[in-house]
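Engineer: Please find one structure pasted underneath; my questions will follow.
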Amino acid sequence: MSELIKQIAYCIERGKVNKMSPFPNDMKEQPGTDELTKQAIEEGIGPDVILEACNDGMQKVGDKFGRNEVFVPELLMAAKAMNAVMEHLKPFFAAGNLKVKGKFVLGTVAGDLHDIGKNLVSMVVEGNGWQVIDLGVDVKTEKFISAVKENPGCAVGLSALLTTTMANMEKTVSAIREECPSVKIIVGGAPVTMNSAKRMGADGYSPDPQGAVTFLNQSVSIG
Amino acid sequence: MINSAAIRVGNGTPVFNVKIDVNNLKISIKDVCSRMSNGTQSLDAHFYEIINEIFAHLSEKCRIRAGYVICPADFNLTSNRKSKVGNIHFNMGKIVTSQLKNAVQMAVFACTIGPDMENWSRHSMEQDNPAESYLIDRTASVLTEKAVDYLHEYIGGEMAKQNLLITNRYSPGYCDWPVSDQHLLFSLFPHNFCGIRLNASALMHPIKSVSGVIGIGPDVEFKEYMCNRCRIKECTYRRKHVKNTNTIIRGIAL
Ligand code: B12
């Protein structure tokens, strides 16, 4: 890995967006992902190499979040640093030189409007190279099903924060199973546990966003 | 059984509106940052700057509206744990019912900080400022909970004047009281109470709103929230909070 690429990965991990950004305090006045990605492209470094560095940085910060070493605001700054890279990579995606790993349909289940956790999952998964189709909050089963049908080969993530909406989660899991048996489903949210996820018939559960990435990388065929 | 048409506030049931000024809620940076660090490290200075900037706009962005109605309460514990407030039967579930059962009256309340903070947070997200957006949302959630604390204390004070005690507060969605009962709860209020609307899933808009009930009576007790009696045995809320104490995190204690 070239020094420049390592630096991009590090800036993502630390959430350093650009030179102007005062965050993080110990990297003030230093270039961020914005300048470094521009430089990397100018130097002819392949966009796939840049993207890999991003995934690496995002994975590191995601793991740190899972270990309670960084917290929501830091993770969000990392997501912003990642977005700055993506701005530069957009033309490569448009030209077909870069491909997303796959699609991930995500939403908070019907009857629930807690979305902070779901948004974090969305950003981390996106930062790891997946396209996220975020259906928002209070999402009815039918909406999940039509999104799955519109995005063949996608995986699905369901979030619930109320113990009472876990029942809706279960209904949504079975309905998706019935209509689209091959789709992989991961569930999460504070009241959900590994056992309840199993009982619902989900394929995966994770208490944190990075676990969703591991699940997707392992269980969804990349195409 | 459910007879939501029989009682209508406005026709005799007094409605109390409580004026709450955001400056009285005394929100601090510590309130917003609790649980945002592991205790050994503090947040980056940048986040404190953002929070201070958010605080500077609170008077203009928070329009708190709060109020309550007082209804007679009746708990018939044999009839399927349905509790009667006014003439409405709530399906509060075993845990909430057990906490309220000595109440002779019920304060049914709602409180909102209005839609401006959530719109501001959304706008900030659209501008690709996710950390700022989160901190606005978090500040708004803390303020909502503080406003409800204020309302709760206010109701306690009013009842104390009549030598009556109050319980802790309980909301649809807590323990196994279904959120769908929120429709029944709101049927006790006049139309557009505090400017809060319910959607088809019984969720409140503005989002930064809380509704619930507080038991009132000469013999009621204020008890901390309990997790150990919930039927959802392996829920994470329970695992986090039952180990050391019997209390469940209250509202915004992230
Ligand atoms: C913030 C908050 C609110 C905010 C919502 C803000 C928002 N934009 O989401 C407000 C104040 C509006 C609110 C309102 C209500 N809330 Co609330 N709220 C919370 C609170 C304090 C924090 C939730 C949160 O954001 N956590 C932080 C995020 C980062 O964590 P997370 O969501 O768990 O997500 C992480 C993981 O779970 C995982 N994850 C999440 N989703 C997914 C999905 C997948 C696929 C994967 C893999 C992982 C994953 O990754 C995330 C990052 O690590 C919790 C209490 C708590 N401590 O959890 C109560 C809580 C969830 N609320 C509760 C309730 C009941 C309500 C109300 C229904 C109460 C009422 N009747 O008024 C209302 C509904 C309001 C309405 N408009 O209708 C209860 C639920 C009780 C229960 N056992 O079911 C709680 C537990 C509070 C309590 N003490 O009882 N709430």
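The values are calculated or read from the model by the stated rules, or taken from the named source; none is laboratory data. Not measured: the values here are computed from a predicted model. Ideal geometry is used to build each Cβ from the backbone, glycine not excepted, and the neighbour counts take in all protein chains shown. To get the accessible areas, we keep the full protein, side chains included, count just its heavy atoms, and leave off ligands, DNA and RNA. Shrake-Rupley method; radii C 1.70, N 1.55, O 1.52, S 1.80 Å.
Engineer: Looking at this structure, is A:LEU120 within 11 Å of the ligand (Cβ to nearest atom), at pLDDT below 95, out of contact with any Lys or Arg (no Cβ under 9 Å at 6 or more places or on another chain) and in a loop (DSSP other than H, G, I, E, B)?
Structural biologist: Judged against the criteria, A:LEU120 is not a match.
Engineer: Moving on to the next point. Just need a number here: residues in the range B:194-219 that are at pLDDT 95 or above, surrounded by fewer than 22 Cβ atoms within 10 Å (Cβ to Cβ) and of a type in the set (D, E, K, R).
Structural biologist: 1
Engineer: Do the conditions hold for A:ALA94, that is, is it within 14 Å of chain B (Cβ to nearest Cβ) and not charged (D, E, K, R)?
Structural biologist: No: the conditions fail for A:ALA94.
Engineer: For residues in the range A:53-86 being touching a residue at least 40 places away in the same chain (Cβ under 8 Å) and of a type in the set (Asp, Glu), which is least open to solvent (accessible area, probe 1.4 Å)?
Structural biologist: Of everything passing the filter in the range A:53-86, A:GLU74 is least open to solvent (accessible area, probe 1.4 Å).
Engineer: Further, regarding this structure: For the range A:40-49, check the following and say yes or no: at least one residue is closer than 13 Å to A:GLU74 by Cβ and open to solvent by 10 Å² or more (accessible area, probe 1.4 Å).
Structural biologist: no
Engineer: While we're looking at this one, here's another question. Considering only the range B:156-177, state which residues are within 16 Å of the ligand (Cβ to nearest atom) and either over 15 Å from the mean Cα position of the chain (by Cα) or surrounded by 21 or more Cβ atoms within 10 Å (Cβ to Cβ) (or both).
Structural biologist: Within the range B:156-177, B:THR167, B:ARG169, B:TYR170, B:PRO172, B:GLY173, B:TYR174, B:CYS175, B:ASP176, B:TRP177 meet the criteria.
Engineer: Select from the range A:18-30 the residues that are surrounded by fewer than 19 Cβ atoms within 10 Å (Cβ to Cβ) and free of Cβ contacts under 8 Å to residues at least 40 places away in the same chain and list them in ascending order.
Structural biologist: Those that are surrounded by fewer than 19 Cβ atoms within 10 Å (Cβ to Cβ) and free of Cβ contacts under 8 Å to residues at least 40 places away in the same chain: A:LYS19, A:MET20, A:PRO22, A:ASN25, A:ASP26, A:MET27, A:LYS28, A:GLU29, A:GLN30.
Engineer: Which condition from (1) at positive phi; (2) away from the ligand (no atom under 16 Å from the Cβ) is the one that A:ALA94 breaks?
Structural biologist: For A:ALA94, the failing item is (1).
Engineer: If A:LYS143 satisfies all but one of (1) modelled with pLDDT of 95 or more; (2) within 11 Å of another protein chain (Cβ to nearest Cβ), what's the number of the condition it fails?
Structural biologist: Only one criterion in (1) modelled with pLDDT of 95 or more; (2) within 11 Å of another protein chain (Cβ to nearest Cβ) is unmet by A:LYS143, namely (2).
Engineer: Now for a separate question. Which of the residues that make up the range A:208-223 are within 11 Å of the ligand (Cβ to nearest atom) and of a type in the set (S, T, N, Q)?
Structural biologist: Within the range A:208-223, A:GLN210, A:THR214 meet the criteria.
Engineer: Out of the residues in the range A:180-207 that are surrounded by 22 or more Cβ atoms within 10 Å (Cβ to Cβ) and touching a residue at least 60 places away in the same chain (Cβ under 8 Å), which is nearest to the ligand (Cβ to nearest atom)?
Structural biologist: In this case the residue turns out to be A:GLY188.
Engineer: Kindly indicate whether any position in the range A:5-17 is open to solvent by 70 Å² or more (accessible area, probe 1.4 Å) and either assigned to a loop (DSSP other than H, G, I, E, B) or of a type in the set (Asp, Glu) (or both).
Structural biologist: No, every residue in the range A:5-17 fails to be open to solvent by 70 Å² or more (accessible area, probe 1.4 Å) and either assigned to a loop (DSSP other than H, G, I, E, B) or of a type in the set (Asp, Glu) (or both).
Engineer: Here's something else I'd like to know. For the structure I just gave you, tell me whether A:MET169 is under 26 Å from B:ILE136 (Cβ atoms), crowded, with 19+ Cβ neighbours inside 10 Å and among the hydrophobic types (A, V, I, L, M, F, W, C).
Structural biologist: For A:MET169, the condition - under 26 Å from B:ILE136 (Cβ atoms), crowded, with 19+ Cβ neighbours inside 10 Å and among the hydrophobic types (A, V, I, L, M, F, W, C) - is not met.
Engineer: Provide a single number: the residues in the range B:41-60 that are assigned to a loop (DSSP other than H, G, I, E, B), within 11 Å of another protein chain (Cβ to nearest Cβ) and surrounded by 12 or more Cβ atoms within 10 Å (Cβ to Cβ).
Structural biologist: Counting residues in the range B:41-60 that are assigned to a loop (DSSP other than H, G, I, E, B), within 11 Å of another protein chain (Cβ to nearest Cβ) and surrounded by 12 or more Cβ atoms within 10 Å (Cβ to Cβ) gives 2.
Engineer: So, one more: Does A:MET20 satisfy the criteria of being touching a Cys at 6+ places or on another chain (Cβ under 9 Å) and within 13 Å of another protein chain (Cβ to nearest Cβ)?
Structural biologist: The answer is no for A:MET20.
Engineer: Can you tell me which residue in the range A:123-136 is surrounded by the fewest Cβ atoms within 10 Å (Cβ to Cβ), limited to those that are within 12 Å of the ligand (Cβ to nearest atom) and part of a strand (DSSP E or B)?
Structural biologist: A:VAL132
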